[in-house]
1. Could you check how many residues of region 93-119 are under 23 Å from T172 (Cα atoms) and not small (G, A, S)?
2. Please enumerate the residues belonging to region 147-179 that are touching a residue at least 12 places away in the same chain (Cβ under 8 Å) and under 15 Å from the mean Cα position of the chain (by Cα).
3. Could you figure out which of (1) under 25 Å from the mean Cα position of the chain (by Cα); (2) closer than 25 Å to E52 by Cβ isn't true of V74?
4. Has region 90-109 got at least one residue that is among the aliphatic types (A, V, I, L, M), assigned to a helix (DSSP H, G or I) and surrounded by 18 or more Cβ atoms within 10 Å (Cβ to Cβ)?
5. From the list D93, D17, which one is under 30 Å from R139 (Cα atoms) and free of Cβ contacts under 8 Å to residues at least 40 places away in the same chain?
6. Do you know which of the residues in region 151-184 that are farther than 17 Å from K6 by Cα and hydroxyl-bearing (S, T, Y) is surrounded by the most Cβ atoms within 10 Å (Cβ to Cβ)?
Amino acid sequence: MSDVEKQVKAAMQAALDHLKQDLKSLRTGRANSAILDKVMVEVYGSMVRLKEISNISVPEARQILVSPFDLNNVHAIKKGIEAANLGVNPMVDGKVVRINIPPMDEAMRKQIAKQCKDLGEKSKIVMREVRRKYNELVRKQKADGIIAEDMMKKLEKRIQELTDSFCKEIDTVTAEKEKEVMTI
């Protein structure tokens, strides 16, 4: 495996991993603590991630429980979750914040499924950008006399094969998430 091939694979894998993280944060009909991964809370005069200042658990299929390490932060956590605009309503229950996940109607399911498709398309655009960038690099190396014409053709073919396989993987991952979102 050539150096260029390794770089292409690493860049495409990073884009795929980013897509998987983004898909985790989308809401489904069930409670999933990953929807809180990007929530930022203002405590001690600075913004910190919710999971750095609390323990997040899923005690029931439709409920998320946020237990702050410092009980004084419970109202700040509630405000941070509300500010994240996740379509959920956090409630302070003594020393914890409870988030009941409401059942989703058909329109909301379709909207979130559409978001899945959009995230998949954006990832495919990133894949094509990576392909373009490395194809240009290979052509430049050929023009500079670093590699021969047959090596350039071989690398371009391999870059295209990697692009195709990662795009198929994107389709698979987004289809699975769409299915999960549409399942009642």
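1. Number of matching residues: 12.
2. Selection gives E169, I170, D171, V173, T174, K177, E178.
3. (1)
4. No.
5. Criteria check complete, one pass: D17.
6. If we take residues in region 151-184 being farther than 17 Å from K6 by Cα and hydroxyl-bearing (S, T, Y), then T174 is surrounded by the most Cβ atoms within 10 Å (Cβ to Cβ).
Bear in mind these aren't lab numbers, they're just calculated from the coordinates by the rules spelled out. Keep in mind that this is a model prediction, so the values were computed, not measured. Reconstructed Cβ throughout: ideal geometry from the backbone, glycine too, with neighbour counts over all protein chains shown.
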